[in-house]
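Reading through the structure tokens given below for one structure.
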């Protein structure tokens, strides 16, 4: 896990408010995604420094429906070099089974 326990606990308390920090720490990718989506500047910089761009790329590539808003989705694709201008993939969508 690229983030140390103290940083994960701090971020979990701030960004995964609907769970206890102990529960949230079990899902570090969810914490990182939440910081990438709504984190303040200092927390984003802490995550970038601690986790590294490769880890952030994996979090973005495996994002679940609703984890990112359109603005953050686009920003991180550009910042991580995963998309060229105007070629950002669509946000993940929930698909209903064909009946």
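Rule-based calculations on the coordinates, nothing more; no lab input. For clarity, every value in this text was computed on a predicted model and none was experimentally measured. Using ideal geometry, Cβ is built from the backbone for each residue, glycine included, and neighbour counts are taken over all protein chains shown.
Given Cα pairs under 8 Å that are at least 6 residues apart, what percent is the relative contact order of the chain? Please report the intermediate quantities before stating the final value.
On the way: 86 pairs, mean separation 23.0, N = 99.
Computed value for the chain: 23 percent relative contact order.
When the helix-only estimate is applied to the chain (DSSP H runs of n ≥ 4, each -39,500 (n - 2.57), divided by the residue count), what is the mean residue ellipticity at 222 nm, nearest 500 deg cm²/dmol? Walk me through the numbers before you get to the answer.
Values: 6 runs with 57 residues, N = 99.
The helix-only estimate for the chain comes to -16500 deg cm²/dmol at 222 nm.
Return one number: the angle in degrees, 0 to 90 and rounded to the nearest 10, between the long axis of the Cα atoms of helix 28-38 and the longest principal axis of the Cα atoms of the chain.
70
Just to be sure I understand the model, the point goes 7 Å from the Cα along the line to the Cβ. What's the resulting residue 41 to residue 14 distance in nm?
Each label point is offset 7 Å from its Cα along the Cβ direction, giving 1.3 nm.
Under a point spin-label approximation (7 Å from Cα along Cα-to-Cβ), what is the residue 4-residue 78 distance to one decimal in nm?
Here the modelled spin labels are 3.4 nm apart.
Place a point 7 Å from Cα of residue 27 in the direction of its Cβ. Which residues in the range 59-99 have their backbone N less than 13 Å from it?
Those under the cut-off are 63-68.
Rounding to the nearest 10 and keeping the result within 0 to 90°, find how far the Cα-based axis of helix 5-15 lies from the longest principal axis of the chain.
Rounded to the nearest ten degrees, it is 60.
Helix 70-79 versus the longest principal axis of the chain: what angle, 0 to 90°, nearest 10, using Cα atoms?
For helix 70-79, the angle is close to 80 degrees.
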